[in-house]
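One structure below.
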Amino acid sequence: MTTARPEKNRRGGLLREEFGIPERRTAYFMVLPALLIILVVAIFPILRAINLSLRQATVAVTGPFVGLENYVEMFQNPDFLEGLANTLIFTVISVFLEFLIGLGIALAINRAFRGRGLVRAAVLVPWAFPTVISAVTWRLMFLRSASSRG
């Protein structure tokens, strides 16, 4: 037999329920700086780009609002349409080929054969190199003896 729970008092609303618990409030305050950074670094430039695309803007001057006129002009330009078609064709073909080659390599090195570890290392080492190089570079930058400060 199930017992019905008494309904919570909803007078305070969702905000009071979320921020009323000290642990939750602390968690939200800890996440807030990251959300603000994301807002400034990612969302603001996107909104700014959309705003500029709807104006008659140059590098130096933000011009008057023209609405979708820039997009109409862009899609009527044969050079843009040719570039768009080339980009779509290249993207579809390259993704398809990369998928097939990657799947083939994955299936091939998953089978048991002599030298499988060597082949796996040969495939994975180039993938890991940028991370290792980046880590070593940062370590060298923070080493006092390697810096120019002396």
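Summary table below
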{"item": "Residue that is over 27 Å from the mean Cα position of the chain (by Cα), at pLDDT below 90 and not aliphatic (A, V, I, L, M), where the choices are GLU69, GLU18, GLU73", "result": "GLU18"}
{"item": "Some residue of the stretch 100-108 being closer than 30 Å to SER53 by Cβ, part of a helix (DSSP H, G or I), outside the structural domain of ASN51 (by TED's automatic domain parsing) and of a type outside the set (A, V, I, L, M)", "result": "no"}
{"item": "Checklist (1) modelled with pLDDT under 90; (2) touching a Gly at 6+ places or on another chain (Cβ under 7 Å); (3) of a type outside the set (Lys, Arg) applied to TYR28, failing item", "result": "(2)"}
{"item": "The lone exception for GLY83 - which of (1) at pLDDT 95 or above; (2) within 30 Å of VAL123 (Cβ to Cβ); (3) small (Gly, Ala, Ser) it fails", "result": "(2)"}
{"item": "Test for GLN76: is it out of contact with any Cys (no Cβ under 8 Å at 6 or more places or on another chain) and surrounded by fewer than 12 Cβ atoms within 10 Å (Cβ to Cβ)", "result": "yes"}
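The values are calculated or read from the model by the stated rules, or taken from the named source; none is laboratory data. Worth saying up front: this structure is predicted, and the values here are computed from it rather than measured. Methodologically, a virtual Cβ is constructed for each residue, glycine included, from the backbone with ideal geometry; neighbour enumeration extends over all protein chains shown.
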